[in-house]
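Written out below as structure tokens is the structure these notes cover.
The values are calculated or read from the model by the stated rules, or taken from the named source; none is laboratory data. Only a predicted model underlies this, so the values are computations on that prediction, with no experimental measurement involved. Cβ atoms come from the backbone with ideal geometry, glycine included; neighbour counts cover every protein chain shown.
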Amino acid sequence: MTVELLVAVSIITASILAAMAVAQKSVIVARQAFHTEQAAYLLEEGAEAVRVARDNAWTNISGLTSGTTYYPTFAAGTWSLGTTPNSTGIFTRTVTITNVNRDNTTKNIAPAGTDDSQTKLVTVTISWNEGNTTVTKSMQFYILDIFS
């Protein structure tokens, strides 16, 4: 009877430990999914911040230094891009704007050609710490001076 009891207790203990490990892993995966979803919304919001800055005045975009890291900030009812680092909770959002060249013949965007002052390449990046790892998500898009 003692051997049967020992086997039963061992099986129950192993089952409980396995269930706890699965529960712990599911909490970690759920947290990662939640952070990834939040990051997706913050990426889209960062893109909208750049569009709002452009809509307020093209010089808000064209006046920025190409390749410099900027941080979107919402103040006084509108978005602006500044060099003062800021974060939203655990997330750090950055915006980098670079110049765009156009092929002289086809007028298509190309690595070489004439600088197009009416078009910029925008990269919005979100980063956060997840455990011992820094996770980074980014998106790129072109923005145009549509009001000139």
Legend entry - Per-region count, the stretch 7-64, residues under 15 Å from residue 138 (Cα atoms) and either among the charged types (D, E, K, R) or surrounded by fewer than 10 Cβ atoms within 10 Å (Cβ to Cβ) (or both): 4
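Residue-wise test of (1) hydrophobic (A, V, I, L, M, F, W, C); (2) touching a residue at least 40 places away in the same chain (Cβ under 8 Å); (3) not in a strand (DSSP E or B).
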site: 107; (1), (2), (3): no, no, yes
site: 112; (1), (2), (3): yes, no, yes
site: 116; (1), (2), (3): no, no, no
site: 122; (1), (2), (3): yes, yes, no
site: 127; (1), (2), (3): no, no, no
site: 135; (1), (2), (3): yes, yes, no
site: 140; (1), (2), (3): no, no, no
site: 148; (1), (2), (3): no, yes, yes
Legend entry - Residues of the stretch 85-118 classified as modelled with pLDDT under 95, under 25 Å from residue 36 (Cα atoms) and among the β-branched types (Val, Ile, Thr), total: 1
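Within the stretch 72-80, identify whether any single residue is under 30 Å from residue 131 (Cα atoms) and either crowded, with 16+ Cβ neighbours inside 10 Å or of a type in the set (Gly, Ala, Ser) (or both), and answer yes or no.
Initial filter on the stretch 72-80 (under 30 Å from residue 131 (Cα atoms)): 72-74.
This time we only want the ones that are either crowded, with 16+ Cβ neighbours inside 10 Å or of a type in the set (Gly, Ala, Ser) (or both), so: 72.
The answer is yes, given that some residue of the stretch 72-80 is under 30 Å from residue 131 (Cα atoms) and either crowded, with 16+ Cβ neighbours inside 10 Å or of a type in the set (Gly, Ala, Ser) (or both).
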Inset, instruction - Would you point out the residue of the stretch 81-100, among those that are surrounded by 15 or more Cβ atoms within 10 Å (Cβ to Cβ) and out of contact with any helix residue (DSSP H, G or I) (no Cβ under 9 Å at 6 or more places or on another chain), that is nearest to residue 136 (Cα to Cα)? - result: 92
